[in-house]
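Novice: Input: one structure, supplied below.
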Amino acid sequence: MTSEHDIKKVREMLEFLVKQKISERLNITERNIYDLTGKKGQTEIVKIINTVPSTVSNLWKKLESKGILVKDGKGYRKVI
């Protein structure tokens, strides 16, 4: 039987691997947007990163289509 501790360890390893792969594939602006996703809204991200709203929304849609983000109300959140 799998313990809660084992499940937590597997989840932590999976999160690490996913974040590593995402970092390899995103440029610095995209990585910053991804890091702030789920913590800040689009308007705040635009101001922090000094970009335009379409950059954020286009990346969110791209990552949603890949299964990395899910729509959560008006914004998005990370799956892992």
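Novice: Among the listed residues Val52, Val10, which satisfies the condition of being β-branched (Val, Ile, Thr) and modelled with pLDDT of 95 or more? Steps first, please.
Specialist: Values: Val10 fails: modelled with pLDDT of 95 or more.
Sole residue among the options that is β-branched (Val, Ile, Thr) and modelled with pLDDT of 95 or more: Val52.
Here is a yes/no grid of residues against (1) over 12 Å from the mean Cα position of the chain (by Cα); (2) free of Cβ contacts under 8 Å to residues at least 60 places away in the same chain; (3) assigned to a helix (DSSP H, G or I):
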site	(1), (2), (3)
Thr2	yes, yes, no
His5	yes, yes, yes
Val10	yes, yes, yes
Leu14	yes, no, yes
Leu17	yes, yes, yes
Thr29	yes, yes, yes
Ile33	no, yes, yes
Asn58	yes, yes, yes
Glu64	no, yes, yes
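Novice: Among the residues of the stretch 63-80 satisfying the criterion of being touching a helix residue (DSSP H, G or I) at 6+ places or on another chain (Cβ under 9 Å) and either modelled with pLDDT of 90 or more or not β-branched (Val, Ile, Thr) (or both), which is surrounded by the fewest Cβ atoms within 10 Å (Cβ to Cβ)?
Specialist: Ranking the candidates gives Lys74 first.
The values are calculated or read from the model by the stated rules, or taken from the named source; none is laboratory data. What you see is a predicted model; the values in this text were computed from it and never measured. Here the Cβ is made from the backbone with ideal geometry for all residues, glycine too, and neighbour counts use every protein chain on show.
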